[in-house]
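Down below is the structure, laid out as structure tokens.
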Amino acid sequence: MKAGSLAMAFTYRLVTFAARNVPHSMKILVLISHVPDTTARIAFTNDNTAYDTSGIQFIVNPYDEWYALVRALELKEAQGGTVTTITVGGAETDPTIRKALAIGADDAVRVDTAPKDGHDVAAQVAAFAKDKAYDLILAGKETIDHNGSQVGPMLAELLDLPFISLAAKLDVADGKATAERDVRGDVEVVECALPLVVSCAKGMAEQRIPNMRGIMAARTKPLQVIPAAATEALTSTVKFELPPPKQAVKMIPAEEAGKLIELLHSEAKVI
Amino acid sequence: MSVIVFADTRGEKVAKSALETLTYGRKLASKDGASLTLVTFGDASVDKLAALDANKVVVARNIGDADSQQLTRLVADVATKEGATWIVFSHDDTGKAVAPRVGAKLNAGEVAGAITLPNDQGLIKRNVFSGKAQAWVELKTPVKVISLLPNSIPVEAATGTAAVEEYSGDLGTAKVTVKEVRKAGEGIPLPEAEVVVSAGRGMKGPENWGMVEELAKELHAATACSRPVSDMDWRPHHEHVGQTGIAIRPNLYIAIGISGAIQHLAGVNGSKVIAVINTDPEAPFFKAADYGIVGDAFEVLPKLIEAAKKLNAER
Ligand SMILES: Cc1cc2nc3c(=O)[nH]c(=O)nc-3n(C[C@H](O)[C@H](O)[C@H](O)COP(=O)(O)OP(=O)(O)OC[C@H]3O[C@@H](n4cnc5c(N)ncnc54)[C@H](O)[C@@H]3O)c2cc1C
Ligand SMILES: Nc1ncnc2c1ncn2[C@@H]1O[C@H](COP(=O)(O)O)[C@@H](O)[C@H]1O
């Protein structure tokens, strides 16, 4: 091949590279939390200071699984890259982490500590992620046990990164993320250059049930356990309580259904 | 010593959630003998801001659709200058993104979704396990951040003549930019609604939602639905309430043809009053209800609409 055509081939390469828009292969980190099953009994022990985990089935937090993890896998499948999960918790969370690996994550990290509060989770993840140059860090909208919606924004602050909250759709192209958020009933379309932190809500992806191959593969995928960074608790949960039992329901015969409206107005005073 | 309240004052009317945070902040301030500073952004008029119940208002103009990093800088900067001990947000879309960031920036503990003021021991209550339990939380840091769950405390109306100060610090540019807003249409936004009419698979198909919407209209209510209903695209996704949808706590939740699965209840059990209409007397929702009708939605709804029209005509 003559030098000229070589140069041309090279230029051609560059052109197709730009034209086809070959995406940069992404490094994605997904925060996975370990929570009681959505139907789990809620009871407390030790004088109402601790959740009673006896006989409780634990699952991957639905927002982390169905939305964050599955969307991360879809982006990786479309554009290339890696999906690493991180969990802050003790060895009891390992089966939950293996589930995330079975769904398709490449590898997992567990920070070996019982987190003191949401800030502690964020601080532990930040300590791990700060020098790893992730393009995208995905968290769930909230955990279904703690319901803080705190970890995502705290992590973004600790890493000094932009944050998109409550994303219901997420796409990445040309080093930029585009997301749709449901805010006050409206849909807001936002854009942000990578890297950033996103909290994921319903709509982002469909649930994936792990297949046998995934489950087998998960057994041998790397799960790295790392020691926790030294942190101080900023908050503490002192005790729990259960809501007072509901009053017995007042039944209204179907033929007199209109009476419900009267009662809601004159008795309950809510309309 | 001061209490900082962050409230979004954009729009024609100051949102109820903003007035709730002001009430909450006012109570904290009077307990501690502190002053109350309202921090806001946008283009609200000086008159409107001055009339809000605060000692001082700091407003950042010209930052448009500020992102969470800019708002964090704004609140943290004002809080530091004012020597804030408490920083109060609403646990709404903006507060959920900014309050934790401010906590992390100032190394201050945060209670997300507080439902009470601090008790005698300084503990604050919040919902956990999707409303199936509550937790009392202690904030161990000198600066304390609260995001207040909407509809948790009654607004105490007050007017003031606050000094309005323009914020002059550098907030940088927004990294997250808003490209487009698709308006959902006329209805009342679900998270802000005081009355919600919700329906499930018992309605059989999307073509039957006319009655649900009509009842909602008569009751000045927002509409909501169960998850299968939005999964099947009978209704838009933003109407889906529950564990994986949104959590709401209206004064009244009317559930029509919804079984009351635990994951659905997780999103609505904070409602003050629940009324359930279901053909099945064994439907679990009746256990969570204050009022119940065992009956066919297709027969009951027209009666409810008629009664609501009558009530509206009378008042
Ligand atoms: C991890 C997880 C998360 C979930 N998250 C959510 C969530 O966020 N929100 C949610 O809603 N669900 C959620 N679900 C699903 C939930 O478990 C239920 O399947 C769902 O709530 C059922 O919806 P439904 O009540 O509309 O339908 P169904 O369970 O089918 O109930 C229909 C009801 O309508 C009644 N009915 C039928 N015909 C009539 C009639 N003519 N008039 C009056 N009543 C009638 C029936 O008696 C029945 O009670 C979740 C499930 C899982 C596993
Ligand atoms: N212990 C944990 N380990 C890893 N990620 C977590 C943990 N706790 C919370 N997260 C992530 O942070 C999100 C918000 O959690 P929360 O602030 O508790 O509502 C969750 O959906 C997870 O993605």
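For B:Gly295, state whether it is near ligand 1 (Cβ under 9 Å from one of its atoms) and either under 19 Å from A:Ala248 (Cα atoms) or away from chain A (no Cβ under 11 Å) (or both).
yes
Please go through the range A:229-261 and pick out each residue that is closer than 29 Å to A:Leu166 by Cβ and either surrounded by 14 or more Cβ atoms within 10 Å (Cβ to Cβ) or more than 9 Å from chain B (Cβ to nearest Cβ) (or both).
Selection gives A:Ala229, A:Thr231, A:Ala233, A:Leu234, A:Thr235, A:Ser236, A:Thr237, A:Phe240.
If you check B:Ala97, B:Ala135, B:Ala79, which single one turns out to be away from chain A (no Cβ under 13 Å) and either part of a strand (DSSP E or B) or at negative phi (or both)?
So the residue among B:Ala97, B:Ala135, B:Ala79 that is away from chain A (no Cβ under 13 Å) and either part of a strand (DSSP E or B) or at negative phi (or both) is B:Ala79.
Taking the range B:87-108 as the region of interest, how many residues are basic (Lys, Arg) and open to solvent by 10 Å² or more (accessible area, probe 1.4 Å)?
Number of matching residues: 2.
Give the residues of the range A:55-82 that are at pLDDT 95 or above, among the polar types (S, T, N, Q) and open to solvent by 10 Å² or more (accessible area, probe 1.4 Å), sorted by residue number.
Listed by number, the residues that qualify are A:Gln57, A:Thr82.
Any chance the range B:138-152 includes a residue that's surrounded by fewer than 21 Cβ atoms within 10 Å (Cβ to Cβ), part of a strand (DSSP E or B), facing chain A (nearest Cβ under 8 Å) and not β-branched (Val, Ile, Thr)?
So far as the range B:138-152 goes, yes, one or more of its residues are surrounded by fewer than 21 Cβ atoms within 10 Å (Cβ to Cβ), part of a strand (DSSP E or B), facing chain A (nearest Cβ under 8 Å) and not β-branched (Val, Ile, Thr).
For the condition away from ligand 1 (no atom under 16 Å from the Cβ), open to solvent by less than 10 Å² (accessible area, probe 1.4 Å) and among the hydrophobic types (A, V, I, L, M, F, W, C), what is the one hit in A:Leu159, A:Leu155?
When all the criteria are applied, what remains is A:Leu155.
With a cut-off of at least 3 residues that are open to solvent by less than 10 Å² (accessible area, probe 1.4 Å), name the helices (runs of 4 or more DSSP H) lying wholly within the range B:181-280.
Answer list for the range B:181-280: B:209-218.
Does A:Ala177 satisfy the criteria of being at pLDDT 95 or above, more than 18 Å from the chain's Cα centre (by Cα), away from ligand 2 (no atom under 16 Å from the Cβ) and not hydroxyl-bearing (Ser, Thr, Tyr)?
Here the answer is no, as A:Ala177 does not meet what is asked.
Please give the number of the condition B:Val111 fails out of (1) open to solvent by less than 10 Å² (accessible area, probe 1.4 Å); (2) facing chain A (nearest Cβ under 9 Å); (3) not in a strand (DSSP E or B).
(3)
Which pairs do you get when a residue that is within 10 Å of chain B (Cβ to nearest Cβ), found in the range A:52-71, comes within reach of a residue that is away from ligand 1 (no atom under 13 Å from the Cβ) and open to solvent by less than 10 Å² (accessible area, probe 1.4 Å), reach meaning Cβ atoms under 7 angstrom, with the pair 6+ apart or on two chains?
Final answer for the pair search is A:Tyr63/A:Cys200; A:Tyr67/A:Cys200.
For the range A:182-240, which fully contained strands (runs of 3 or more DSSP E) count at least 3 residues that are in contact with a helix residue (DSSP H, G or I) (Cβ under 6 Å, 6 or more places away or on another chain) and at pLDDT 95 or above?
A:196-200
Just the residues that are facing chain B (nearest Cβ under 8 Å) and basic (Lys, Arg), please, taken from the range A:151-180.
Within the range A:151-180, no residue meets the criteria.
For the range B:240-292, how many residues are within 20 Å of A:Ala248 (Cβ to Cβ), more than 9 Å from ligand 1 (Cβ to nearest atom) and touching a Ser or Thr at 6+ places or on another chain (Cβ under 6 Å)?
Total meeting the criteria: 1.
In the range A:83-92, what count of residues is obtained for those that are assigned to a helix (DSSP H, G or I) and open to solvent by less than 10 Å² (accessible area, probe 1.4 Å)?
0
Considering only residues that are of a type in the set (S, T, N, Q) and in contact with a Lys or Arg (Cβ under 9 Å, 6 or more places away or on another chain), which ones fall in the range B:29-85?
The answer is B:Ser35, B:Thr37, B:Thr40, B:Ser68, B:Gln69, B:Gln70, B:Thr72, B:Thr85.
Pairs only if they're at least six apart or on different chains, beta carbon under 6 angstrom, first in the range A:184-197 and within 7 Å of another protein chain (Cβ to nearest Cβ), second among the acidic types (Asp, Glu) and open to solvent by 30 Å² or more (accessible area, probe 1.4 Å); list them, first residue then second.
Between residues of the range A:184-197 that are within 7 Å of another protein chain (Cβ to nearest Cβ) and residues that are among the acidic types (Asp, Glu) and open to solvent by 30 Å² or more (accessible area, probe 1.4 Å), the close pairs are A:Val187/A:Glu180; A:Val189/A:Glu180; A:Val189/B:Glu180.
Going residue by residue through the range A:93-101, is there one that turns out to be crowded, with 21+ Cβ neighbours inside 10 Å, in contact (Cβ under 8 Å) with a residue 24 or more places away in the chain and assigned to a loop (DSSP other than H, G, I, E, B)?
Within the range A:93-101 (the criterion being crowded, with 21+ Cβ neighbours inside 10 Å, in contact (Cβ under 8 Å) with a residue 24 or more places away in the chain and assigned to a loop (DSSP other than H, G, I, E, B)), the answer is no, since none of the residues qualifies.
The values are calculated or read from the model by the stated rules, or taken from the named source; none is laboratory data. The structure presented is a predicted model; accordingly, all values stated were derived computationally and were not measured. We place every Cβ from the backbone using ideal geometry, glycine too, and count neighbours over all the protein chains shown. In case anyone asks, the SASA skips ligands and DNA or RNA and just uses the protein heavy atoms, side chains included. Shrake-Rupley method; radii C 1.70, N 1.55, O 1.52, S 1.80 Å.
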